[in-house]
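Enquirer: Right, I'll just put the structure down here and ask away after.
The values are calculated or read from the model by the stated rules, or taken from the named source; none is laboratory data. Everything quoted here is computed from the prediction, not taken from an experiment. Note: ideal-geometry Cβ built from the backbone for every residue, glycine included; neighbour counts use all protein chains shown. SASA here: full protein model, heavy atoms, side chains in, ligands and nucleic acids out. Shrake-Rupley method; radii C 1.70, N 1.55, O 1.52, S 1.80 Å.
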Amino acid sequence: MRAIALAIALLCPVAAYSQIAGTANLGGPQAMVSTPIPDSDFAAIAGKLGLVESAKPASELIKGWRKPKKILVAVDNNINRLAWLQAAVPGVQLVAVHNKAEVLAQLADADALIRLPCERDYLERGKMLHWIQQGSVSVAGCFQVGEHSDVVRELPAALADSSVVITNLSGVLARPLAEHAIAMMMTLGRGLDLAVKQQEQRHFQRDAIPPGRLWVFRGRTLLVVGLGAIGTNVAEIAHGLGMTVIATRNSGHQGPAFVSYVGLADELPALVGKADVVVLAAPLTPQTRHLFDAAMFGRMKKGTLLVNVASGGEVVSADLVTALKSGQIGGAGLDLADPANPSGLNPGDPLFDAPNLIMTPETASHAVETPDASGGEDMWAIARENLRRYAPGERLYAVVDPKRGY
C-alpha cells in the first residue's frame, strides 16, 4: 500500500517528490536540505524490524547476476543522500532520478533500482535490470494482483525465473499502520465519528449515538488477518488494551505471547465468527483478493467492526456497503477504499453513503516529523546495507518471494 504514493510522486516535479521522500511526507513540499546523515547501527535496526537474510547470496539467488555498473536512486530532499550511498559502493555509478521520465531515460543499462516501485514497464524495458530495492512494503504492482486493479495477471517472467529480485521495506512502516488501525477501531467503537458529525452540525444529541457504538474494548476479541509485521504491532497494542487477540498467518501457528491463538489462513472462516473486531493486515495476493465478501461477512458476529489497512482488493466494496446497511457489520474503517481508485473515489460511489464507515486516503503508513516519517532513516539504512551487499553478491535482506507475492 504504499507503492502508489511513491509512484505518484515519481510523475511529479522534484519538489513534490521530496514531499513524499523527506523527513515528512504529508506536510507540504519539502525544501532541499543539507542535513548530515547519522551513522546507523544496522544490526539493531535488523533486530528491531525482524529482518531476515536471504538463504542464498545474491550471486546465486539472481539468475545472471553480475557486478553492477550503474544503479538508479530515487533520492529524497537531502542533497547529501547520494554521496552517502555512494560511499558504500565505490566504483559503481549511482544516478539520481526524480520522476518516472528520468527513470525510463536511464533504465536501458541500469543494473538496479533503489527506492523505486516495482513496475511492469521497468521490467520490460530494463534489459540489464537484476534488483529492485522498493521504497515501500507492497509489491503488488509487479505481481499477479495489482494493488489498484481487480485483474489477476501472469507473474512476469523476470520474477518467475529470478532474473530480477525484489527487496522491500518489510517492518519499516508497521507502527504507523498499526496505530492507524487501532485509531479507526477506537473511533468506531466509541462513536467518535458520530460526535464529529454532530459537532459540524452545531448540535449535540447524546442519545443519537447508539449503545452499539459505545464500547469498552477490554475483554473483547480482536482478530488479526495476516500476522506479519503490521499485524503483530496491531496485536501488541490491542493486547495492551486488555483485548484477547487471535490471528491467522500462512507460515505456521507460531506467534508472540500476546496472541492467544494463531491459525493458518484456511482457519479464517472458523475464527472470524469469534471476533468483535477484525483487522486486515495481509498482503494482496490471488488468495486474499476479494477474501471479505458477503459470505465472509455472514460468518461474522452481528455488529463486528472491520478495519482494513491492507489493500482495497481484499474487500468486495458492494458487499461491505450491504453489510453496513443491514447492521451485520457494525462499523468499518478503510484506508484503501477502492482497489481501482483508492484516493479519489467518484463522488457517487456507494461507499460515501454507507453508514458507520470512515475512510482515509492511504495515509495509514504516513507519519509527519517523527522518527517514523516515511520510514525515517531506517528505510535508508536498509537500502544502503542491501546496496553494499548486492555489489559483491552477498546475502540480501527482506527478499520478496515471487510465488507468494510478499
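Enquirer: Looking at the range 65-90, I want the residues that are within 22 Å of Glu394 (Cβ to Cβ) and have a partner that is in a strand (DSSP E or B) and open to solvent by 60 Å² or more (accessible area, probe 1.4 Å) with Cβ atoms under 8 Å, at least 6 apart or on another chain. Which pairs are those?
Expert: Lys69/Gln93; Lys70/Gln93; Ile71/Gln93
Enquirer: Do you know which residues across the range 103-118 are touching a residue at least 24 places away in the same chain (Cβ under 8 Å), farther than 19 Å from Lys67 by Cα and not basic (Lys, Arg)?
Expert: Applying the first criterion (touching a residue at least 24 places away in the same chain (Cβ under 8 Å)) to the range 103-118 yields 103, 106-107, 109-118.
Next, from what is left, pick out any that are farther than 19 Å from Lys67 by Cα: 103, 115-118.
The answer is Val103, Leu116, Pro117, Cys118.
Enquirer: What number of residues in the range 195-220 are in a helix (DSSP H, G or I) and crowded, with 19+ Cβ neighbours inside 10 Å?
Expert: 1
Enquirer: Counting residues that are modelled with pLDDT of 90 or more, which helices (runs of 4 or more DSSP H) fully inside the range 1-100 reach at least 1? I'd like the intermediate steps shown before the answer.
Expert: Values: elements: 3-10, 14-21, 42-49, 58-61, 81-86.
Filter on the range 1-100 gives 42-49, 58-61, 81-86.
Enquirer: Identify the single condition in (1) open to solvent by 60 Å² or more (accessible area, probe 1.4 Å); (2) within 20 Å of Leu129 (Cα to Cα) that Pro38 does not satisfy, given that it satisfies every other one.
Expert: (2)
Enquirer: Working only within the range 221-241, note down all residues that are open to solvent by 30 Å² or more (accessible area, probe 1.4 Å), part of a loop (DSSP other than H, G, I, E, B) and not aliphatic (A, V, I, L, M).
Expert: Gly228
Enquirer: Follow-up question, since we're still on this one. Do the conditions hold for Ile132, that is, is it in a helix (DSSP H, G or I) and at pLDDT 80 or above?
Expert: Against the criterion (in a helix (DSSP H, G or I) and at pLDDT 80 or above), Ile132 does not qualify.
Enquirer: Considering the range 148-194 alone, what residues qualify as being farther than 30 Å from Val234 by Cα and surrounded by 21 or more Cβ atoms within 10 Å (Cβ to Cβ)? Talk me through it step by step, then tell me what you get.
Expert: Of the range 148-194, the ones farther than 30 Å from Val234 by Cα are 153-164.
Within the range 148-194, Ala158, Leu159, Val164 qualify.
Enquirer: Restricting to the range 318-347, name every residue that is among the polar types (S, T, N, Q), over 14 Å from Asp276 (Cβ atoms) and modelled with pLDDT of 90 or more. Reasoning before the result, please.
Expert: So in the range 318-347, the residues among the polar types (S, T, N, Q) come out as 322, 326, 328, 341, 343, 346.
Filter again for over 14 Å from Asp276 (Cβ atoms), leaving 322, 326, 341, 343, 346.
Within the range 318-347, Thr322, Ser326 meet the criteria.
Enquirer: Residues in the range 59-74 that are hydrophobic (A, V, I, L, M, F, W, C) and either over 20 Å from Arg115 (Cα atoms) or in contact with a His (Cβ under 8 Å, 6 or more places away or on another chain) (or both): how many?
Expert: To start, the set of residues in the range 59-74 that are hydrophobic (A, V, I, L, M, F, W, C) comprises 61-62, 65, 71-74.
From the residues that got through so far, the ones that are either over 20 Å from Arg115 (Cα atoms) or in contact with a His (Cβ under 8 Å, 6 or more places away or on another chain) (or both) too are 61-62, 65, 74.
Summing the residues that are hydrophobic (A, V, I, L, M, F, W, C) and either over 20 Å from Arg115 (Cα atoms) or in contact with a His (Cβ under 8 Å, 6 or more places away or on another chain) (or both) in the range 59-74 gives 4.
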